[in-house]
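One structure is given here, and the rest of the page talks about it.
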Amino acid sequence: MTNSHKNIERIIERLELLYECGLQEDGTHTRMAFSQEDQKGRALFETWCEEAGLTVRQDAAGNVIARLEGRQADSPAIIMGSHLDTVPDGGKFDGVLGCVSGLEVCQTLSESGRRCEHPLEVIVFSDEEGFRFSAGMVGSSAFVGEAQNMQADDLDITGARREDVYHNAGIDFHKMAEAKRSPETVHCCLELHVEQGGNLDQMGLPVGIVSSIAGVKRMQISVAGEANHAGSTRMDQRHDALVAAAKFIAQLPERVKTLGDQYTVGTVGMIHVEPSAVNVIPGACQFSLEIRDQEAKLMERLATALREDLDQICREAGVSYNWQEQLSHAPMPMHEGLKQLIKEQAEASSIPYTVLPSGAFHDSLLLAEHFPTAMIFVASVAGKSHCKEEYSRPEDLGLGFDLLLETVLAADQIKFFD
Ligand code: HGY
Ligand code: MN
Ligand code: MN
């Protein structure tokens, strides 16, 4: 089966309709996890699934699970999962492509009267991005049975309590563990996703097969100094929390370069100063710190070195700090047998590809620890992502969809992935 023009048209139309669910008053587009906009997008997606003849349910972690039965009713499912929540003013493709393409696989097979042996499931994992509560992959963590460092009283970026936000989204915070999926009900997991980097675009390739997914460590760092008068406090009498934080942040790129390898990245994405007044020396400063790499030991070494840097900078500035780890996942290789299967389908369909690591994390990072899991990338033009300029060419989307469809059909013929 190869991609028909209709598939791509329907995929692109759905990407656009979901994008518009996130339209904000200021013209930006955001579907923050558990927000009205996120729920609007999920409801629209559920309607499409029902119209395509899939049964739809939500698990205890708010993951949407749309299922198309196979010939062998009680056999384990082939899962095509990703996410619909976005970062602030994110693009049209991140996460959404995997959900919409998974639905397109099911709809294409149904419309052509073809049924797989295995049931097919399209899963929308909740809160993959994690910018609301600073720790992502909430739905997939519960799905694989991995407890996250989450408390009912955690406050999100608007000051709302985690338990209340989840309750308003129909999720009982205290029952999320019930979402744990038993491995014998899963045949394999496949995620189609935009690369979110520029490698494929630079190589002029439409698709990639992911070798491994970078690990991630996310910390919330609070620096406490002394608020004081900006005019009457001499420079040598100050304990300025922002200056200490700024010193640490300014040296981050050099430290990552010195201690890391070609895949190591370090980012401070959020910062907050108190009392944040022009004539008051900052008494407190909180910022996020995130490091990623393809090698767990290197990430540990870098985190230790950065913590020592902060310790020294704060001692010299006469301020104190708190280093709180919020998210920590080791890098994960993708399943060898599934990667080989994707390669075979690409070669059989003469789809040019390369094998490459993922710098971004995905729900598949967690799925891969528990189920046979692989990812297919579609080229991101100029490598742009997590911004409105995110774009992938329709012809590349079509080849990505073809490869996903062919891989699902091939995986359906395999008895068991060890
Ligand atoms: O941050 C990430 O890597 C993913 O896009 N959530
Ligand atoms: Mn994503
Ligand atoms: Mn993302």
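The values are calculated or read from the model by the stated rules, or taken from the named source; none is laboratory data. Quick caveat: nothing in here was measured; it's all calculated off a predicted structure. Cβ atoms come from the backbone with ideal geometry, glycine included; neighbour counts cover every protein chain shown. All accessible areas refer to the heavy atoms of the entire protein, side chains included, with ligands and DNA or RNA removed. Shrake-Rupley method; radii C 1.70, N 1.55, O 1.52, S 1.80 Å.
Here are some residues: GLY145, GLY197, GLY170, GLY208. Which one is within 16 Å of ligand 3 (Cβ to nearest atom) and in contact (Cβ under 8 Å) with a residue 40 or more places away in the chain? Give the steps one after another, and end with the answer.
Numbers: GLY145 fails: within 16 Å of ligand 3 (Cβ to nearest atom); GLY170 fails: within 16 Å of ligand 3 (Cβ to nearest atom); GLY208 fails: within 16 Å of ligand 3 (Cβ to nearest atom).
Answer to the check: GLY197.
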- Task: Evaluate the following for GLU46: is it farther than 26 Å from PHE173 by Cβ and either outside any loop (DSSP other than H, G, I, E, B) or at pLDDT below 95 (or both)?
- Result: no
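Have a look at GLU325, GLU295 and point out the one that is at pLDDT below 95 and open to solvent by 30 Å² or more (accessible area, probe 1.4 Å). Even if it seems obvious, please write down each step before you answer.
Values: GLU295 fails: at pLDDT below 95.
Matching residue, one of GLU325, GLU295: GLU325.
Restricting to region 73-122, give me the number of residues that are away from ligand 1 (no atom under 16 Å from the Cβ) and either within 25 Å of the chain's Cα centre (by Cα) or of a type outside the set (D, E, K, R) (or both).
Residues of region 73-122 away from ligand 1 (no atom under 16 Å from the Cβ): 73-80, 100-122.
Okay, now just the ones that are also either within 25 Å of the chain's Cα centre (by Cα) or of a type outside the set (D, E, K, R) (or both), so 73, 75-80, 100-110, 112-113, 116, 118-122.
Matching residues across region 73-122 total 26.
Suppose we filter region 167-183 for residues that are under 11 Å from ALA142 (Cβ atoms) and either in a loop (DSSP other than H, G, I, E, B) or open to solvent by less than 40 Å² (accessible area, probe 1.4 Å) (or both); how many remain?
At the first step, the residues of region 167-183 found to be under 11 Å from ALA142 (Cβ atoms) are 171, 173, 175-181.
So of that shortlist, the ones also either in a loop (DSSP other than H, G, I, E, B) or open to solvent by less than 40 Å² (accessible area, probe 1.4 Å) (or both) come out as 171, 173, 176, 179-181.
Total meeting the criteria: 6.
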- Filter region 72-106 down to the residues that are assigned to a helix (DSSP H, G or I) and within 14 Å of ligand 3 (Cβ to nearest atom), then identify the one that is surrounded by the fewest Cβ atoms within 10 Å (Cβ to Cβ). LEU97
- Item | Tally, over region 125-148, of residues that are touching a helix residue (DSSP H, G or I) at 6+ places or on another chain (Cβ under 7 Å) and open to solvent by 10 Å² or more (accessible area, probe 1.4 Å) | 4
- Query: Across region 359-374, what is the total count of residues that are more than 14 Å from ligand 1 (Cβ to nearest atom) and assigned to a loop (DSSP other than H, G, I, E, B)?
  - Reply: 5
- Over region 149-166, the set of residues part of a loop (DSSP other than H, G, I, E, B) and more than 14 Å from GLN220 (Cβ to Cβ) is ALA152, ASP153, THR158, GLY159, ALA160
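I'm trying to understand the selection: among the residues of region 52-71, which are part of a loop (DSSP other than H, G, I, E, B) and either of a type in the set (Val, Ile, Thr) or touching a Leu at 6+ places or on another chain (Cβ under 6 Å) (or both)? Explain how you work it out, then say what you get.
Filtering region 52-71 down to residues part of a loop (DSSP other than H, G, I, E, B) leaves 52-54, 59-63, 69-71.
Hit for region 52-71 is LEU54, nothing else.
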- Query: Any chance region 302-324 includes a residue that's touching a Lys or Arg at 6+ places or on another chain (Cβ under 7 Å), part of a strand (DSSP E or B) and of a type in the set (Asp, Glu)?
  - Reply: no
- Item | Unmet criterion (only one of (1) in contact with a strand residue (DSSP E or B) (Cβ under 6 Å, 6 or more places away or on another chain); (2) buried (at least 21 other Cβ atoms within 10 Å of the Cβ)) for PHE287 | (2)
- Message: I'm trying to understand the selection: among the residues of region 343-361, which are surrounded by 15 or more Cβ atoms within 10 Å (Cβ to Cβ) and in contact with a helix residue (DSSP H, G or I) (Cβ under 8 Å, 6 or more places away or on another chain)?
- Response: GLN345, ALA346, SER349, ILE351, TYR353, LEU356
- Message: Would you confirm whether or not region 347-356 contains a residue that is in a strand (DSSP E or B), within 16 Å of ligand 1 (Cβ to nearest atom) and touching a residue at least 24 places away in the same chain (Cβ under 8 Å)?
- Response: yes
- All but one of (1) closer than 30 Å to SER75 by Cβ; (2) in contact (Cβ under 8 Å) with a residue 40 or more places away in the chain hold for GLN340; which doesn't? (2)
